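Since the structure comes first, as structure tokens, the remarks are kept for the end.
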Amino acid sequence: MGCSSSSTKTRKSETSLKAALIIQNWYRGYKARLKARQHYALTIFQSIEYADEQGQMQLSTFFSFMFENYAHVHKEELELRKQSLESEQDMRDRHDYVDLIDVPDSYNGPRLQFPLTCTDIDLLLEAFKEQQILHAHYVLEVLFETKKVLKQMPNFTHVQTSPSKELTICGDLHGKLDDLFMIFYKNGLPSESNPYVFNGDFVDRGKNSIEILMILCVSFLVYPNDLHLNRGNHEDFMMNLRYGFTKEILHKYKLHGKRILQILEELYAWLPIGTIVDNEILVIHGGISETTDLNLLHRVERNKMKSVLIPPTETNRDYDTDSKHNKVGVTFNAHGRIKTNGSPIEHLPKHEWEQIIDILWSDPRGKNGCFPNTGRGGGCYFGPDVTSKILNKYQLKMLIRSHECKPEGYEICHDGKVVTIFSASNYYEEGSNRGAYIKLCSGTAPRFFQYQVTKATCFQPLRQKLSLSQWAFCMENILGLNLPWRSLSSNLVNIDRNGNVEYMSSFQNIHIEKPVQEAHSTLVETLYRYRSDLEIIFNAIDTDHSGLISMEEFRAMWKLFSAHYNVLIDDSQVNKLANIMDLNKDGSIDFNEFLKAFYVVHRYEDLMKPGVTNLG
């Protein structure tokens, strides 16, 4: 009986094992087939996308050829058109574009304060989270200011990293705002200690291109040395006509959309074409070719590259006003119709134009050599040998580029020398790919961070909130002020229903009202700069040398300094201030409390206004 029972158990265990192996094999096969289907689907989507780009390039080449050979105008017509162009240029004056566009009182979207600060970044982010539209007045002002700063920048931005200041590189976003929110949630907002490079293709395809562009431009204006923007092949007004950004602008800004598009055309041309990190990593949007000349690219007039889809031809060259017939430049208006201007388009020489095309459009491949990019119709395919040749020539170690959607958000090829980073998740459809960004620090290997936006992640806050005790601890330790922060919290910050503090609301009442002709130190800076002098005055009032002054003497000090610094404070406000100070039992105050009093009045002026009685 015992043997029979043991034999039965053995047979059952063998049957269970066989069943488990069958299920395991089936599951593995299913996963392999699913992975293959995803790969083929991605390949098909990519082929369709590139075929569309190829068609766009071929169409532009055809039109350029047609106008080079058939577009002629007489001298008189040319002069009239030149005058028309000059008057049109006058209309592009900032006054006509920005100052004449009023923001009505009924507008309830974000209102930006120029010069911009980090508060304006927060304002934009929160507004766009709520799907609000930024008024055209602010859009145009941001674009004008951005263009003004970009014009001062070189073709390649040079950036240095350190262990305390890592650099984050993001790839294509293509109007996918939730991916930008995800990056900021995981990696933090741009700041002096958290620099970013956004490597082109901010716009087109997605439905929130203008929002992404505004966030990046405002962040750039606040941190011009720590947020870097590279041009991609979609930062191109001709590409925008085909791939959705033009339509988005005209839909969201029906009245002023055309003006916005005109300024965008100019802004694109001033975007830097690359970033060099620690003198050893080249960051560009597309790629390189065997003829890439970084020395030449450093000195080309990049602003003459209005669109990669308008190749240099005879019509782009300067015309001879003495000739009977002259050819004119070709451009396109906001609705995609061809128009001719009285003056030829300023354009790069052909060899310089081809250099920038390679930078913006090329793709790496595993095959050695450099050959035409038949998939896209522009740029080239470059192999590992080309990568090694160019990197060695310019003493570089790595090329970081974007331009191609990758299933995992990034890909490493060419023996680790080429990295592709793509930051738009779910690019072709839900679940088609992950997004990623790179963290760089001198002397260490790049670190990759992946994510995939879902419906749940779209509602995540951009900042992790602090508990009330954490906030109070931060305020006391960073500011060095021993104040009852918990009691003051209801007057100073936003607290949610769970009792958590929105940290950045600590600074929401700080605004620079207007630019000043001459910079003046703030009251707090003045106090600390002249701390020793103030201490002498304090000691002079402290006749008994006890280190303490009475409230009457304290009020006298206030009157003296309020007159000197033009800070209007009456006795009732001084009494309110005394309620939140850490006074001694006899009502006297020492020098440290004296300095704290100045800080509180300067920083939290609303607390001192007449009628405010709730000081905790």
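What follows draws every value from the coordinates through simple rules; no lab data is involved. The structure displayed is predicted, hence computed values, not measured ones. In this analysis, Cβ positions are derived from the backbone assuming ideal geometry, glycine residues included, and neighbour counts consider all displayed protein chains.
Computed quantities for the displayed model
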read-out	value
Segments 543-550, 289-296 sorted - mean Cβ within 10 Å per residue, highest first	289-296, 543-550
For peptides 485-493, 382-390, sequence by mean Cβ density within 10 Å, most packed first	382-390, 485-493
Projected label distance in nm at H158 and S193, using a 7 Å step from Cα toward the beta-carbon	2.7
Extension gain, D278 back to A36 (0.36 nm per residue minus Cα-Cα distance, nm)	83.2 nm
Extension gain, K186 back to L296 (0.36 nm per residue minus Cα-Cα distance, nm)	35.8 nm
Residue exposure sequence - E211, E404, E301 - by fewest surrounding Cβ within 10 Å	E301, E404, E211
Mean Cβ neighbour count within 10 Å, used as a protection proxy, ranking 477-484, 106-113, 119-126 highest first	119-126, 106-113, 477-484
Nonlocal amide H pairs with R231, under 5 Å, H built at 1.01 Å	I273, G274
Residue-wise HN-Hα coupling along segment 303-309, computed from phi with Karplus coefficients 6.51, -1.76, 1.60 (Hz; x: Gly, Pro)	5, 7, 8, 5, 7, 5, 8
Cβ-placed point charges (K, R +1; D, E -1), dipole of segment 147-223 about Cα centre in debye, nearest 20	240
For segment 145-153, 3J(HN,Hα) per residue [Karplus equation, 6.51 cos²θ - 1.76 cosθ + 1.60, θ = phi - 60°, Hz, x = Gly/Pro]	5, 5, 4, 4, 6, 4, 4, 8, 8
Summed residue charge, Cβ within 14 Å of K247's Cβ, Lys/Arg positive, Asp/Glu negative	+4
Label point distance in nm, E14-K148, each placed 7 Å from Cα along Cα→Cβ	8.6
FRET E, pair E130, Q24, Förster distance 56 Å, beta-carbon r, rounded to 0.05	0.70
Violating pairs (Cα-Cα greater than 23 angstrom) within the set K176/K455; K148/K304; K35/K439; K148/K176	K35/K439; K148/K176
Amide proton proximity set for F382, modelled H, under 5 Å, gap of 5+	D363, R365
